[in-house]
Structure formats: structure tokens, C-alpha cells
Amino acid sequence: MRDLILEKKKDIVKRWIELTIDTYPPEGGSFMKNQKNQFANPVGAAILNGAETLYKWIMSGDKDLSPDVVRRLDDVIRIRAVQQFSASDAVGFIFLLKRVIRETLLRDALKDKNDLQELFDIDSRIDSLALHAFNMYMKCREKLFEIRAMEIRNRTSRILERACMKYGAPHEW
Amino acid sequence: MELHDLPKPQDLMNIDLNKPPETGWMDTPTVFRNGTYSYPAAGKNLKILGLANPRQWSPADEDWKLPENWKEIILQGMKERLEKYRSFRLFMDICVRCGACADKCHFFIGSGDPKNMPVLRAELIRSVYRNDFTLLGKMLGRLGGGRELTIDVLKEWFYYFFQCTECRRCSVFCPYGIDTAEVTMIGRELLNLVGLNINWVIEPVANCYRTGNHLGIPPHGLVDMWQFMTDDIEDITGIKIDLPINKKGAEILFVTPSGDYFADPGTYTCMGYMMLFHELGLDYTWSTYASEGGNFGLFTSHEMIKRLNAKIYAEAKRLGVKWIIGGECGHMWRVIHQYMETMNGPADFLEEPVSPITGTKFENAKQSKMVHITEFTSDLIKNGKLKLDPSRNDKIIATYHDSCNTARAAGLLEEPRYVIRNIMNNFYEMPENTIREQTFCCGGGAGLGNDENIEMRMRGAFPRASALRHVVDKHAVNRLLCMCAIDRATLTALCHYWAPDVTVGGIHELLANALVMKGEKERTVDLRGEPLGDEEEDE
Ligand code: SF4
Ligand code: SF4
């Protein structure tokens, strides 16, 4: 079965990207699919590059996420963390891959027990990727609150510093 | 529970995966999600300015507490503006929906929300225009692309006109020169008529109107802040600067955004101005009255731009200066270039600006009598009037963000780059479809740079961030330069989120680092108090 998955890699990744982009409004989605310049279309580029790299990791035997995989996953999560998604929608695009693999393969594969075992393995790798993604998502959201607090503080940081100096109050952030 | 009872992941995600849009854009309701809209203006601020309908309300409420005849007021306001501003009527009439602008807005690129396509943003108002002001629309209604002004339409206006940073990137691509930023400006003016505005715009306006600057700091407070900076400068350079403040008969008045006085990293740029002018021995003055270069009137109404801008000329007249230099500010230059002369001019009591150091005549400033600091400084460098040691900035690897207003509205593209190339050794441009006239907005201009709007800002910031990350990966860039006080705040947040190793700063901060001053002690730290060399770098 693994051979089949590798053989169909292109189709699977393509379909996964499609489904992920379909989580956006249609006008936005069609732009993300069609504009090829990465700077004119950074969201599309992040999804495209992300899907390729993540798929490769899932099919590999690597235990840990390499820095490159982390970066690609982070690229997608970081933008989805500030878009109009709930937490589950933001991270859940990863599970769409399960569906794609089933749709693409089930008819042909799954002939014996080994195949089933293989599918479970892939599933659990997808799950673990999703867990990583959820951690990243949380970090992004925490970061947003941190930025909000920082901004409120910075806006007048000098005034406070000056006032503390003038009246002899200790000044530390 | 049986396994097959569990919802499948895609059900959990609650995404209908192959959905066509259930409703066309005209009928898709607006959702006010936390983090994607700005808080409304406080009643007290509206009162100070004499603006309509001061009250407590929230966009998330069902009832926005509008005056009963709100619709009449808006339509009447539209009628007046269609008569008064030829451009507005033109923009309503001539769009052929070619779509060239559609994918050029950073908010659309970052969100995929169709109503952030500039053509649709304008269509929000254009549909009402068709319905009520054109014969065809009156006859055909929806078939002719018209739409009645309902409360839901009004809510949509509020959401999407306060989701346009008036950056004008879209206008660069429109073959007809339609400027959606101007449509947004009119949209906001109309919203103001019934008391729909945001506090991040109205509070600075109210403060500025009363005390002359956005934070509402009184004159003695300002003087105090400025002295704080000269103290820091003395620590760093050993030079004591005696700052000219409200000096009658000075040759030049200097005006800069107040963001430069109170918040890092703007403060370092402000120290940079002080050091430069001191070194030149310039006959100039700061003013505690014209203490704000920014003009949030631009984000409110034409009338408000005029009210706030007037103080700069009034102060120039009172002090009897000959001309004005403006600091590193973005939208201030939009106001100066596009509106000042018609609104508050002619400034015939001032003289055509001539640099007292080089003798250069700034002919481009003949009308407004106001010169941008990078024009002034690049002319100094060109004429060899400054002694510079760029190696003092060697720790910094920089790229430059063209602020929307200085680049697109004022055409200041070469001057800042010329200065940058002369004050430092490591400078790299971002990809060309993201700089100069095509620059991407910081995501927080036009009053949207408030903290409650953070999610929307980060969406809009992504195109800029993606270009920035490219040069970070490729050249290890660690400083994002800009010449706009709004940018210095909003890009700081952008970097925190997208590129945490990058700091933000102004050009004159680095100029002052490099500036070799007469009688200075050997410099060991930069304006931020950080060591200049590598030796002490390990922490
Ligand atoms: S002016 Fe800027 S923010 Fe507004 S619609 Fe055009 S590109 Fe978007
Ligand atoms: S580019 Fe101009 S004419 Fe074309 S859709 Fe946009 S606003 Fe209309």
C-alpha cells in the first residue's frame, strides 16, 4: 500500500491543498490557487509549500519534526490563527489528509492486514502532526495577547519612565 | 461509545467542504468577531469635537442607538458629497469591474474575504448610489446592481470602511485611476454623520484639537520629555544640546508626529533629529503648540483634516518662521501634499524653502512651504555637509519598508534610500512587487493600529511580513527601517508576530548613530544604549 501512496503522492497532496483552500470563501480560494507569485499570494504559498513538506514528513520514518517541517507547519498555522477560524478549523485542515488518503486509496488498497496496520500508522502520524499544530496555534494566540499588552505599555513607556525618574520611583518592566 | 458514533474530524471542523456560497455578497451578514474590529468612539470625545450622536455603544450589540432618521441623514450626506466632490461621483460611475484591483489589497490577500477586494469595498457604497441616485438603479433595483440602504448595509459599511487602511495600493493598479481610499474616506465621513466612528481615531483627534498632540500632553509635559531625550544624548555623546522651543523669529519650524516623543522606538529617531539639527547649528524651533505632525482628521472627515492642519500654519505665522521641516511621518505627507494648500493655504506669509546649509531651493515645496526631513538630509549628504561613519551601524542589517503615504502619496522613494545607503553598510531590499509604489501596508494605518483589532491587523500585515521574512532568511536582516510613526508602532507588532528577531526603527536614528559630531566623546553605545562593537555582545 505504501507504494501506492507514494505513487499517488501528487494527487493526494493536490487534493489536500484543494480541500484546505476550500475552507476560505470561494473568491479568496480561487485567488489562492491561481496567483503563483509567492509575495503576491503569501497565504496560497504557505499552504502549498506546507502541504508538500508535511506530507513528506508523514510518509517518512522520521521521529522528530525537522526545523524545516516546523517552519512550514508554523507558516500555515500562524496565518490561520489570525483568520476567521475557530481553533478546530484553524488546525483541523491537517485531518483532511486522512479523508484524502481514504478516498484515494481505499478502493485499491487495504487488501490484507498489513495494509490496515499501515493505514493506522499513517493516521497516528497525522494525529501527532495535528497535536504539534495545536501547540503552535496556542503559542500564536498567546503571542497575540502578549502583543496587545505590550502595545498598551509601549504607547506611553517614556512618559512613565520619566515620571518615575523624576519622583524617585523604581522603574522596571 | 462505539467508534463509528464519533463525529468525523471534518464534521468536527464544521466546514462544509464543497460549499458554494450560500448567499451573494449583498446578503452575507457581517460578523463582528472579537479581534477584528475597533472599539467605538467614546461619547466624551465626540462632544469635545461637536460630532453627532455621542453615546455608549458597541458594534457587537444588536442596537447601535442610531438617530431615528439615520437613513435620511446618510442619503442627504451622500447627495451633498456627490455634488461637492467630483471625484466621488466619478468613482461611483466609472468602475468597469475589470478586477485589476481585486487581489491587490493586503486585507483580501491575508483573509480571502471577498468584501476586502477593493472593487467590492467600493461596491458597498456604489450599490446604494445606484439604488438611490441613478435612474437605472431606481428603475431596476437589484437587477441593476442597486441595493437599499438598510441597517445591515450600514453595519457592513462600518465593518469594512474601518477595515481599509486607506493605503491606496489598489489605486496603483486601476486603469481608471479609481482611488478606493477616497471612497473609504467618504464612507467614514458618512458614518460620522450618525455617530459611527472608532475611538482610536476620534480620541487622538479630540486630544489634538485641545492640546495640539494625540496623547493630550500639555506644553510643560512636552518640554520635560524633550529634555529627557537631550539628557540621554548627553550620556551617549557627551554633548549637551540646548533645545530651541517656541523660539520666535527662528528660520525654520520643525514638526514631527508626537509618537516620536513618547514611545520607543520613535524616541530614538526623535533624538536623531535633535542631534542632526544641533550639529548643523540650524536656526530652528520646536513648538509645544504645533506639536503633532500626525493628522487623524484624515481618517475622520475633510472638515477635520482642515481643523487640525490649520494649527501648523497658525504656529508658523505666530512664530514668524520662514518655512517648515516635517519629520518622519507617513500620513502627514499625504495631508501636506494633497490637502494643505487648498484647505489652509495659501501660506503666502512663508518663504520658498531654501536650505541654509547648502543653498538648495526646494522647488517642490514652493506651495506648501514644507520640506520632508529626508529631502533635507539627503541634500546635506549630497553636498558633503555631514561627517558620517557608517561602520557604527555595522551590527545592523536593514531593509526598508516604504510607508504607503510617503511612497504612494508623496513619491518619496529615492531620498530615504539615498540617506540609508550613506549611513550604513548592510542594506537589502525586499522583493520588488512589495516595495516602492507597490509597497504593502503595515496593516494598521488609517486609525486601525489599535490593540483590540489585532487579528485583523495581523491578517493585513501578512503580505508585508512574508516579504520581510524572505530577506530575513536570505540576508539575516535584523532591522526594519521606516519613516512613519504609525509604522514604528504597528511594524513592531508585526515583527513580534511574524519575525521576532527583527527590530523596527527610523532612518534618523541610524543617521545619528553614524553622525560624527564636533566635540563628541568616543561613542561606545548606539542611541538605544546598546554597545556599538561586537566585543561586548555576548550576553
Ligand atoms: S486603499 Fe488599501 S486597504 Fe483600502 S481597499 Fe485599497 S488596498 Fe485595501
Ligand atoms: S481596477 Fe478600477 S475599474 Fe477595475 S474593478 Fe478596480 S476600481 Fe473598478
Practice problem: Kindly provide the set of residues from the stretch B:236-261 that are farther than 12 Å from B:Ser291 by Cα and either of a type in the set (A, V, I, L, M, F, W, C) or assigned to a helix (DSSP H, G or I) (or both), ordered by number. | Solution: B:Ile236, B:Thr237, B:Ile239, B:Ile241, B:Leu243, B:Ala250, B:Ile252
Practice problem: Being within 13 Å of ligand 1 (Cβ to nearest atom) and of a type in the set (A, V, I, L, M) is the filter; apply it to the stretch B:93-108 and report the residue that is nearest to A:Arg80 (Cα to Cα). | Solution: B:Ala102
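Say whether the condition of being at pLDDT 90 or above and surrounded by fewer than 22 Cβ atoms within 10 Å (Cβ to Cβ) is met by at least one residue in the stretch B:293-312. Full working, then the answer.
Applying the first criterion (at pLDDT 90 or above) to the stretch B:293-312 yields none.
Checking the stretch B:293-312: not a single residue is at pLDDT 90 or above and surrounded by fewer than 22 Cβ atoms within 10 Å (Cβ to Cβ).
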Quiz item: Would you call B:Gly187 more than 9 Å from ligand 1 (Cβ to nearest atom), closer than 16 Å to B:Pro59 by Cβ and within 19 Å of the chain's Cα centre (by Cα)?
Solution: yes
Quiz item: When you look at B:Lys115, is it within 16 Å of ligand 1 (Cβ to nearest atom) and either touching an Asp or Glu at 6+ places or on another chain (Cβ under 8 Å) or within 14 Å of chain A (Cβ to nearest Cβ) (or both), yes or no?
Solution: yes
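This table checks each residue for (1) in contact with a Ser or Thr (Cβ under 9 Å, 6 or more places away or on another chain); (2) part of a loop (DSSP other than H, G, I, E, B).
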| residue | (1), (2) |
| --- | --- |
| B:Leu468 | yes, no |
| B:Val472 | yes, no |
| B:Ala489 | no, no |
| B:Thr492 | yes, no |
| B:Leu511 | yes, no |
| B:Lys518 | no, yes |
| B:Glu522 | no, yes |
| B:Arg528 | yes, yes |
Practice problem: Specify the residue that is farthest from the other protein chains (Cβ to nearest Cβ); the eligible residues are those in the stretch B:161-179 that are near ligand 1 (Cβ under 7 Å from one of its atoms) and in a loop (DSSP other than H, G, I, E, B). | Solution: B:Glu166
Quiz prompt | Single condition B:Ile233 does not satisfy, out of (1) crowded, with 24+ Cβ neighbours inside 10 Å; (2) part of a helix (DSSP H, G or I); (3) among the β-branched types (Val, Ile, Thr) | solution = (1)
Self-check item: Residues within the stretch B:20-68 that are under 27 Å from the mean Cα position of the chain (by Cα) and in a helix (DSSP H, G or I), tallied
Solution: 7
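Based on what the data block shows, is A:Asn37 within 23 Å of B:His470 (Cα to Cα) and either part of a helix (DSSP H, G or I) or in contact (Cβ under 8 Å) with a residue 60 or more places away in the chain (or both)? Steps first, answer last, please.
Working: within 23 Å of B:His470 (Cα to Cα): yes; either part of a helix (DSSP H, G or I) or in contact (Cβ under 8 Å) with a residue 60 or more places away in the chain (or both): no.
For A:Asn37, the condition - within 23 Å of B:His470 (Cα to Cα) and either part of a helix (DSSP H, G or I) or in contact (Cβ under 8 Å) with a residue 60 or more places away in the chain (or both) - is not met.
From B:Asp283, B:Asp224, grab the single residue that is among the acidic types (Asp, Glu), surrounded by fewer than 17 Cβ atoms within 10 Å (Cβ to Cβ) and away from every other protein chain (no Cβ under 14 Å). Please lay out each step first, then the result.
Working: B:Asp224 fails: away from every other protein chain (no Cβ under 14 Å).
Every option except B:Asp283 fails the conditions.
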Quiz item: Which of the following residues is within 16 Å of ligand 2 (Cβ to nearest atom), touching a helix residue (DSSP H, G or I) at 6+ places or on another chain (Cβ under 8 Å) and in a helix (DSSP H, G or I): B:Glu189, B:Glu203, B:Glu182?
Solution: B:Glu182
Exercise. Would you be able to say whether some residue in the stretch B:408-431 is out of contact with any His (no Cβ under 7 Å at 6 or more places or on another chain) and under 29 Å from B:Tyr37 (Cα atoms)?
Key: yes
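Of everything in the stretch B:393-414, what is in contact with a helix residue (DSSP H, G or I) (Cβ under 9 Å, 6 or more places away or on another chain) and either over 24 Å from B:Gly444 (Cβ atoms) or not assigned by TED's automatic domain parsing to the domain that holds B:Ala512 (or both)? Give them in sequence order.
The initial filter retains those residues of the stretch B:393-414 that are in contact with a helix residue (DSSP H, G or I) (Cβ under 9 Å, 6 or more places away or on another chain), namely B:393, B:396-414.
Of everything in the stretch B:393-414, those that are in contact with a helix residue (DSSP H, G or I) (Cβ under 9 Å, 6 or more places away or on another chain) and either over 24 Å from B:Gly444 (Cβ atoms) or not assigned by TED's automatic domain parsing to the domain that holds B:Ala512 (or both) turn out to be B:Asn393, B:Ile397, B:Glu414.
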Quiz item: Residues of the stretch B:365-388 being under 15 Å from B:Ile420 (Cβ atoms) and touching a Pro at 6+ places or on another chain (Cβ under 6 Å), which ones?
Solution: B:Thr374
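Of everything in the stretch B:352-390, what is assigned to a helix (DSSP H, G or I) and either among the β-branched types (Val, Ile, Thr) or outside the structural domain of B:Val516 (by TED's automatic domain parsing) (or both)? Give them in sequence order. Walk me through how you get there before you give the answer.
Taking the stretch B:352-390 first, the residues assigned to a helix (DSSP H, G or I) are B:363-365, B:373-382, B:390.
Matches in the stretch B:352-390: B:Ile373, B:Thr374, B:Thr377, B:Ile381.
The values are calculated or read from the model by the stated rules, or taken from the named source; none is laboratory data. Owing to the predicted nature of the structure, the values given are computational and were not obtained by experimental measurement. Here Cβ is always computed from backbone atoms with ideal geometry, including for glycine, and neighbour counts include all displayed protein chains.
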